[in-house]
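The values are calculated or read from the model by the stated rules, or taken from the named source; none is laboratory data. Since the model is a prediction, treat every value here as computed from it, not as a measurement. Methodologically, a virtual Cβ is constructed for each residue, glycine included, from the backbone with ideal geometry; neighbour enumeration extends over all protein chains shown. Remember, those area values only see protein heavy atoms, side chains included, never the ligands or the DNA or RNA. Shrake-Rupley method; radii C 1.70, N 1.55, O 1.52, S 1.80 Å.
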Amino acid sequence: MKWLPISPTKIYESLGAIADGRVEVVTPNSAKVYSSTRNKFYYVMYDPAKQAIMSNDNASYWKETLGYPAVAFLMKTGVVSYDQGMCDLLKDVAWKDINQKFKNDFDKALVYILSSKTEEQRRALQNFVEKVSAEVNVLNLGMLGEKTLPPAGY
């Protein structure tokens, strides 16, 4: 089974996760990715030979689209493009709190987050996110194993 197309908002969130040092690569094909509140973490498993990945985050489990932990892992391990400058633009964003403020309307939350950036920064981020989105889509990743319920908590 293949993943549904990725939401661009999850790529922005993955940049923030990397910037905040919340991606812990455990083995070349696995990681623990901590939430923005750091109160929970998600497991990511990747099998490059099978072109398959699995993460137990909400987007992956409930919507069958890659969530930010999987994308952050793919960036951190060089499977898709990574740019520290783009990550730094999204450092210290309280994603969970902002998403809750906008009742999990992730598009509105992203507009709010990007409103603090210059037009040039927003354009650079958008271009980079489009590039990563295209790279992820080309991978045509399948689901690795069975889905696992996301961890509870804030």
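As a test of reading the structure, rank 22, 122 by solvent-accessible area (1.4 Å probe, protein chains only), most first.
Working: 22 5, 122 75 Å².
Greatest to least solvent exposure: 122, 22.
Taking amide H positions as placed 1.01 Å from N in the peptide plane, with prolines and chain starts having none, which residues 5 or more places from residue 144, or on another chain, fall under 5 Å of its amide H?
53, 54
Excluding residue 144 itself, what net charge comes from residues whose Cβ is under 15 Å from its Cβ, given Lys and Arg +1 and Asp and Glu -1?
-1
Just name one of 41, 25, 136: the one whose Cα is farthest towards the positive end of the charge dipole of the chain (beta-carbon charges, Lys/Arg +1, Asp/Glu -1).
Ranked along the dipole, the leading option is 41.
Which residue fluctuates most in the GNM of the chain (Cα springs below 10 Å): 64, 119, 13?
Of 64, 119, 13, the most mobile in the Gaussian network model is 119.
At 0.36 nm per residue, and after removing the present C-alpha to C-alpha distance, how many nm does the segment from residue 83 to residue 100 gain when stretched out fully? Intermediate results must be reported in sequence, preceding the final value.
Numbers: separation 17, 0.36 × 17 = 6.12 nm, distance 2.76 nm.
Stretched out fully, the residue 83 to residue 100 stretch lengthens by 3.4 nm.
For residue 108 and residue 61, compute 0.36 nm times the residue count separating them, minus their Cα-Cα distance, and round to one decimal in nm.
Roughly 14.7 nm would be gained on extension.
Per-residue HN-Hα couplings for the stretch 9-19, Karplus 6.51 cos²θ - 1.76 cosθ + 1.60 at θ = phi - 60°, whole Hz, x for Gly and Pro?
For the stretch 9-19, the Karplus curve yields 4, 6, 6, 4, 5, 5, 4, x, 4, 5, 4 Hz.
Compute, for the stretch 15-154, the length of the dipole vector about the Cα centre, with Cβ point charges of +1 (Lys, Arg) and -1 (Asp, Glu) only. Units Debye, rounded to 20.
300
Would you rank 138, 79 by solvent-accessible area, highest first, keeping every protein chain in place and using a 1.4 Å probe? Write down the numbers at each step before the final one.
Numbers: 138 120, 79 50 Å².
Of 138, 79, the descending order of accessible area is 138, 79.
log₁₀ I(q)/I(0) of the stretch 28-113 at q = 0.17, 0.19, 0.20, 0.26 Å⁻¹, via Debye over equal Cα point scatterers, no solvent, to two decimals?
Computed log10 I(q)/I(0) values: -0.79, -0.98, -1.07, -1.43.
According to the square roots a ≥ b ≥ c of the eigenvalues of the Cα gyration tensor, what is the shape class of the stretch 86-154, taking rounded for a/c under 1.5, prolate for a/b larger than b/c otherwise, and oblate for the remainder? Could the numbers behind the result be given before it?
Values: a/c = 2.47, a/b = 1.18, b/c = 2.10.
Cα axes put the stretch 86-154 in the oblate bin.
Which one of 118, 65, 77 has the biggest mean-square fluctuation once the chain is modelled by GNM with Cα springs under 10 Å?
118
Here are some values of Rg/Rh (Cα atoms, Kirkwood Rh): (1) 0.98; (2) 0.93; (3) 0.95. Which one was computed from this structure?
The calculated read-out lines up with (2).
For the chain, what is the mean residue ellipticity at 222 nm derived from helices alone (per DSSP H run of n ≥ 4: -39500 (n - 2.57); sum divided by total residues; nearest 500 deg cm²/dmol)?
Rounded to the nearest 500, the figure is -12000 deg cm²/dmol.
Taking a 27 Å limit on the Cα-Cα distance, which of the listed pairs 32/63; 40/63; 32/96; 2/101; 40/91 fall beyond it?
Over 27 Å Cα-Cα: 2/101.
How much of the DSSP beta bridge set in the chain is antiparallel, as a percent to the nearest 5?
So the antiparallel bridges in the chain amount to around 80 percent.
Of the residues 128, 102, 41, which exhibits the maximal mean-square fluctuation in a Gaussian network model of the chain defined by a 10 Å Cα contact cut-off?
Among 128, 102, 41, the largest mean-square fluctuation in the Gaussian network model of the chain belongs to 102.
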